[in-house]
Structure formats: C-alpha cells, structure tokens
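Asks: Below are the structure tokens for one structure; questions will follow.
Quick note: the coordinates plus some simple rules give every number you see, no bench work behind them. Quick caveat: nothing in here was measured; it's all calculated off a predicted structure. Counting neighbours? That spans all protein chains shown, and the Cβs are built from the backbone with ideal geometry, glycine included.
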Amino acid sequence: MKNLRIKSARAAKDMSQEALAQAVGVSRQTINAIEKGDYNPTIKLCLAICRALDKTLDDLFWEE
Amino acid sequence: MNDYTLGYICGILAVLLIAVVIRLIFRKKKMDCKEGFDERQLFERGNAYKLGFTTFMIEFAIYILYTLGDFGYEIPVEPAALASIALFIPVTIFCVYAVRHDAFMGYNATGKSFYWLYILAFVLNIIPGIMSICDGSIIENGVLTLHSTNLIVAIMFGGILLALYVKNKEDKEEE
C-alpha cells in the first residue's frame, strides 16, 4: 500500500527524495520504495524518517 | 602443466590478490566516510545471494543427473570450461539482480568508478576472447576449451554493464 503521508510530509518540507534519503542515511531508491509501499522499513528507519520530517510515528506510519 | 594452464592459474591468483587489496582499501574507506548499504539494500542483496546460490545448486543437480544417467551424449565442453561457466552464471545472476534492485552499489557510491572498472574488465577479457575465436583455440575437435573463459567472463561483465546502463536510464526517467 502506498504511503502518501511520507510523500506529502516531504513535500511540505520542500524536500526531494534524495534530500530525505541523505538525511536518514539510505538510498533514494529506498525512500521511493517506502513511498510506493514496496518496502516495509524497520522501526529504526521509521524513527529516522519521522525525525527528519518532524512528524510522529502515528502521523506517518499508523494505519486506521 | 602447459603454459596456458599456468597462465590461467596465475591469472586467477592475480585477480584474487587484486580483489583482496580493493576490499582492504574499501574497508578503510568505509570507516572514514560511512559508505555502505542501507537496510533495504542488504535485504535485496540477501535475495540476490539466495538466487545465485539456488542457480548454482540447480546447475550441479543437473550435472549429477547427467553423470548418473547414460544418455549417450557427451557435453561438448572441457570440464574446466564447464566449471567456469557453472561459476559465472550464478555470479552474473547475483549481480544483475542486485543492479535491478538498486543493491549493487552502496548508497553513497557514485557508480562512475564501478562503470570504469567493469568496462576495463570487459575490454581486457573481450580482446583475448576474440583472439581465441580467431585462432580457433576456443573450440578444438568440436569441444569448447578452457580458452573460452575470457569470452565467458567478457559476456558476464557485458551483461552487468548492460544491466547498470538500463537501470541508470530507468532511474533518470523516474527522477
């Protein structure tokens, strides 16, 4: 399932996939795979993404 | 032991030595600039290793079945050349899978050094490969000889280069 919340949070901070990838220490393709729902990140990477985007885990990853 | 076999063994030892030196340099660099693979890349590399290993097992299973059965058919390949082919197919599969899943190079790697290294390896192997086709040493009495190794290695590097080129193009379009 696509994760549009990361994409919109990234866009709100005016960050490219490349910039977010560099901020959290992964490849751009990994961020792309997470946004497309092709890869489930570990909790460590989820937390790094949340910190980079100033969001909580619930904001970006919790599904109702 | 003839000159070619001696040269072949020396070549393998030289490649192993170069690989160890490159590995040591990379290990040192890794400590300095934190170059490496991210968690998804490590996962995909695991899948690539699994695929390569499975291919290797299938190849040997087929070969065992072939040697056990009496099919009245001789494989027209020298044993050493057959072993080379059996070795390079899984390696190519591993590399192409890793390239396709963005797990071939670390996330900080630019890729340019890889390109040049692989182009160099391709050229250094395709030249003796073509020469062995021209002088007819690649096939003797209808059997593929050990002289085909350069050509096999060149095909492997050519395949990896092609995969890198296609992936690079796809990534640029995606961006």
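Asks: Near the amide H of B:L144, under 5 Å away, which other amide H atoms are found, from residues 5 or more places off or on another chain, if H is placed in the peptide plane?
Replies: Those lying under 5 Å, H to H, from B:L144 are B:V77, B:E78.
Asks: Sticking with this structure for a sec: Any chance you could check the Cα centroid distance between the stretch B:98-134 and the stretch A:1-58 for me, in angstrom?
Replies: A separation of 32 Å, based on Cα centres.
Asks: I would also like to ask the following. If you look at just the Cα atoms of the stretch B:74-175, how large are its Rg and its Dmax in Å?
Replies: So, for the stretch B:74-175, Rg and Dmax equal 16.0, 53 Å respectively.
Asks: Oh, and also: Arrange the following residues from fewest to most other Cβ atoms within 10 Å of their Cβ: B:M131, B:M57.
Replies: B:M57, B:M131
Asks: Which whole-number percent gives the relative contact order of chain B, counting Cα pairs below 8 Å spaced six or more residues apart?
Replies: This gives 26 percent for chain B.
Asks: If you don't mind, there's one more thing I want to ask. Which value results for Rg/Rh of chain A when Rg is the Cα radius of gyration and Rh the Kirkwood radius based on the inverse mean 1/r? Could the numbers behind the result be given before it?
Replies: Values: Rg = 10.2 Å, Rh = 11.4 Å.
Ratio of gyration radius to Kirkwood radius for chain A: 0.90.
Asks: Choose one answer from B:G72, B:G129, B:G106: the residue with the largest mean-square fluctuation in a GNM of chain B with alpha-carbon springs under 10 Å.
Replies: Highest fluctuation among the options: B:G72.
Asks: Work out from phi, with θ = phi - 60° and the Karplus expression 6.51 cos²θ - 1.76 cosθ + 1.60, the ³J(HN,Hα) of each residue of the stretch A:48-55, listed in order in whole Hz, and give x for Gly and Pro.
Replies: Going residue by residue, I get 4, 5, 4, 5, 5, 9, 6, 10 Hz, with x marking Gly and Pro.
Asks: Roughly how big is the protein assembly as shown's charge dipole about its Cα centre, with Cβ charges of +1 (Lys, Arg) and -1 (Asp, Glu), in debye to the nearest 20?
Replies: Roughly 960 debye, rounded to the nearest 20.
Asks: In addition: List, in the order given, every pair from A:K2/B:K112; A:K13/B:K112; B:K112/B:K172; A:K7/B:K172 whose Cα-Cα distance in the structure shown is over 23 Å.
Replies: Details: A:K2/B:K112 32 Å; A:K13/B:K112 31 Å; B:K112/B:K172 15 Å; A:K7/B:K172 19 Å.
Beyond 23 Å between Cα atoms: A:K2/B:K112; A:K13/B:K112.
Asks: Let me ask something additional. Can you compute 3J(HN,Hα) from phi for each residue in the stretch B:151-166, using the Karplus curve 6.51 cos²θ - 1.76 cosθ + 1.60 with θ = phi - 60°, rounded to whole Hz and x for Gly and Pro?
Replies: Couplings: 5, 5, 5, 4, 4, 4, 5, x, x, 5, 4, 5, 4, 5, 5, 5 Hz.
Asks: If you take the square roots of the eigenvalues of the alpha-carbon gyration tensor of the stretch B:1-137 and sort them as a ≥ b ≥ c, do you get rounded (a/c under 1.5), prolate (a/b over b/c) or oblate?
Replies: Oblate, because a/c is 1.5 or more while a/b does not exceed b/c.
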